[in-house]
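Heads up, the thing below is written out as structure tokens.
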Amino acid sequence: MSGDEPAPEDLEKAILGQAPSFNAQEIATRTGVTLEEARRLWRALGFPEHGLETAFTDADAEALSTMLAIVRSGTVDFDLALNLTRAVGQTMARLADWEVSTLVTRVEELTDDPESDGRSVSALRLIQDLSAPFEELLVYVWRRHLAAAVARVEALRANEEDLNTVQLTVGFADIVSFTALSNRLTEERIGDLVELFESRCADVVAAQRGRVIKSIGDSVLFVSDDPVRAYDIAEGIINVVGRDSRMPDVRLGLASGSVVMRLGDVFGPPVNLAARLTAVARRNRIIIDAATAALLPPDEFETRPLPARPVRGFGIVEPVAVRRA
């Protein structure tokens with residue numbers, strides 16, 4: 001580390017705005033919980049335990065007190081509080097990694113720019129400059145998504161449906177031969193490729209009122225409550241990824257049925273089947289299951305059953321090729 005670069009503890013203090021002043025036992029005593037409860041909440045946030053090390057700030061104590069006040073009010077119990085804390089921790093961890101890697105890349109670009117004074121640029125400075133407006137944006141986006149989630153729940157209530165189990169079309173978009181491709185590319189190029197793939201998929205899904213559930217490097221899992229829109233998402237991903245000569249080919253699988261929605265994720269046979277169907281699909285093609293084929297308007301789509309074949313976890317399955325009429 002050069003003399004111009006701050007030490008890690010100085011970076012942490014600059015970002016958090018406070019220096020650590022409590023160990024785990026002290027923060028538990030300060031907030032009125034057991035040491036084990038404090039540790040469980042801390043682990044749920046995604047952070048390692050620190051033993052007797054002084055590692056916690058006043059802000060940590062305040063956050064813990066806020067969560068415990070909600071529990072003591074009877075709004076949620078401790079186990080539900082852990083689940084909510086874990087969801088926040090996992091979401092914020094990925095967001096923080098994404099933000100920092102993007103800013104570091106920007107710093108490197110400015111440093112290499114002969115017209116830029118690279119000496120005055122640092123990731124820390126950019127983070128500090130962006131913190132206030134980014135926090136406002138974070139709350140705004142959270143409220144927007146909260147409103148959308150509540151609207152979905154209310155729609156389920158109106159139809160007297162189970163709030164956790166819903167009928168959806170699940171889509172799985174997969175980059176063809178990603179392992180072989182990654183062996184030929186530099187690490188930087190792989191990162192750029194995955195980022196572009198995810199961003200293009202996310203744009204298509206949002207435009208068609210679907211939802212990206214998660215991205216797993218070379219694949220994207222999405223859902224839609226409308227099978228036609230799900231097909232349009234799949235076709236759109238092929239158009240913006242597979243048909244771009246600078247991008248790899250993709251394969252799409254769609255499956256419909258009952259799925260369980262929990263903590264922002266989806267579970268159930270359609271999820272697994274959609275993923276399995278990508279192994280059947282040809283490059284830049286869409287393969288669907290029989291349930292999805294039955295939901296598509298026959299005057300708008302042409303479907304063709306393919307030879308039955310064993311599919312891991314499902315036995316013998318008859319995939320269906322589909323295209324617009």
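The values are calculated or read from the model by the stated rules, or taken from the named source; none is laboratory data. The shown structure was predicted, so the numbers you read here are calculated from the model rather than taken from an experiment. Every residue, glycine as well, gets a Cβ built from its backbone with ideal geometry; the counts of neighbours run over all protein chains shown. The accessibility values were calculated without ligands, DNA or RNA, using every heavy atom of the protein model including side chains. Shrake-Rupley method; radii C 1.70, N 1.55, O 1.52, S 1.80 Å.
Points to keep in mind about this one:
- Every residue from region 55-109 that is in a loop (DSSP other than H, G, I, E, B), hydroxyl-bearing (Ser, Thr, Tyr) and open to solvent by less than 50 Å² (accessible area, probe 1.4 Å): 57
- So residue 28, is it surrounded by 15 or more Cβ atoms within 10 Å (Cβ to Cβ), more than 24 Å from residue 263 (Cβ to Cβ) and touching a His at 6+ places or on another chain (Cβ under 7 Å): no
- For region 271-280, the condition of being more than 25 Å from the chain's Cα centre (by Cα) and buried (at least 16 other Cβ atoms within 10 Å of the Cβ) holds for at least one residue.
- Within region 162-192, considering residues that are among the polar types (S, T, N, Q) and outside any helix (DSSP H, G or I), the one nearest to residue 224 (Cα to Cα): 169
- Test: residue in region 222-240 that is surrounded by fewer than 18 Cβ atoms within 10 Å (Cβ to Cβ), out of contact with any strand residue (DSSP E or B) (no Cβ under 7 Å at 6 or more places or on another chain), in contact (Cβ under 8 Å) with a residue 12 or more places away in the chain and farther than 20 Å from residue 322 by Cα: no
- Among residues of region 33-46 that are more than 20 Å from residue 94 (Cα to Cα), those with a Cβ under 6 angstrom from a residue that is open to solvent by 50 Å² or more (accessible area, probe 1.4 Å) and part of a helix (DSSP H, G or I), sequence gap 6+ or separate chain, pair up as 35/25.
- Where a residue in region 295-313 is more than 25 Å from residue 232 (Cα to Cα) and its partner, wherever it lies, is surrounded by fewer than 11 Cβ atoms within 10 Å (Cβ to Cβ) and modelled with pLDDT under 95, with Cβ under 9 Å and at least six apart: 308/316; 309/316; 310/316
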